[in-house]
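To keep things clear, I will list the structure first and then write my remarks on it.
The numbers here are math on the coordinates, done by the rules we state, and not lab data. Here the structure is a predicted model, which is why all the values come from computation and not from measurement. Ideal geometry is used to build each Cβ from the backbone, glycine not excepted, and the neighbour counts take in all protein chains shown.
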Amino acid sequence: MSSAIQNLQDIQARIASSESRAKRQSGPVNLVVVSKTFDAAEIAPVLETGHRMFGENRVQEAAGKWPQLRSRFPGVELHLIGPLQSNKAGEAVALFDVIETVDREKIAAALAFEMKRQGKQLKLFVQANTGKEPQKAGIYPEHLGDFVQNCRSEHGLKIEGLMCIPPAGEDPAFHFDMLARLADECGVDKLSMGMSGDFETAILHGATHVRVGSAIFGSR
Ligand SMILES: *Cc1c(COP(=O)(O)O)cnc(C)c1O
């Protein structure tokens, strides 16, 4: 058995135990296996276990491996978890099922246009910059409600959830709680938060999706 498979099983067990500690039913937390930088041959064994939810952070990189993997393994749900440029919106809509990083008006408009043109409805999350870090993507907390409202009313987008990446070196729980509160305020119920180092904390604070890469595939 490859070490990625052992790691995957270990992460799945830790998710289940966090679900029960969080007193939630087992199953509602979705594991997005982050496969960025790993090639198709390394990802295939994970698909062979039956796992189908994956995350990539670059459109170009995903384009180089996922069309072939999808044809071998039906039922994949691929999440874009990295920043999207509007000139890549068409390609992103064609490649992905979920975009977790809607973070500005121009992207909202481009996604609305492309989903209509391609006749394909993606699930969308808005990225929040809970730590207000200038170098990081995402909507600042005080603008989040208006932004989500605008996505709905101006672009007809259905926003399903919020996503965040807490600042390095800060207590992630503070940011997870903030994201949960923001989601409540804007009426969405999915929360993508928690990575290899803090996904258990995220589940205790209400995550519905955790994004785990290095704890499964090893360091990049
Ligand atoms: C790379 C990445 C992850 C996974 O990080 P690990 O620490 O390797 O689990 C999660 N979310 C985003 C947005 C990423 O870019």
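Can you tell me how much longer the chain between Glu48 and Arg181 gets when fully stretched, taken as 0.36 nm per residue apart minus their C-alpha distance, in nm with one decimal?
Extending this stretch completely gives an extra 44.1 nm.
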In a solvent-free Debye calculation with one equal scatterer on each Cα, what is log10 I(q)/I(0) for the range 110-149 at q = 0.19, 0.20, 0.21 Å⁻¹, listed in the order of the q values? -0.66, -0.70, -0.73
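What does the charge dipole of the chain about its Cα centre add up to, to the nearest 20 debye, if the Cβ of each Lys and Arg holds +1 and the Cβ of each Asp and Glu holds -1?
In debye, rounded to 20, the chain gives about 560.
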Proximal lysines relative to Lys158, as straight alpha-carbon distance under 21 Å, when same-chain residues fewer than 8 apart are discounted: Lys88, Lys106, Lys116, Lys120, Lys123, Lys190
Segment Asn87-Glu154, extension gain: residue separation times 0.36 nm, minus the distance between their alpha carbons: 22.1 nm
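Provide the packing ranking of 203-215, 54-66, i.e. peptides ordered by the mean count of other C-beta atoms within 10 Å per residue, highest first.
Ranked from most to least packed, the peptides come out as 203-215, 54-66.
With an 8 Å cut-off on Cα pairs and a minimum separation of 6 or more residues, tell me the relative contact order of the chain in percent.
Result for the chain is 21 percent.
Suppose R0 equals 22 Å. What FRET efficiency, 1/(1 + (r/R0)^6) with r the Cβ-Cβ distance, do Ala13 and Arg58 give to the nearest 0.05?
0.15
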What size of dipole, in debye to the nearest 20, comes out for the range 66-157 about its Cα centre when the only charges are +1 on Lys and Arg C-beta atoms and -1 on Asp and Glu C-beta atoms? 320 debye
Given points 7 Å out from each Cα along the Cα-Cβ axis, report the Ser219 to Asp39 separation in nanometres with one decimal. 2.2 nm
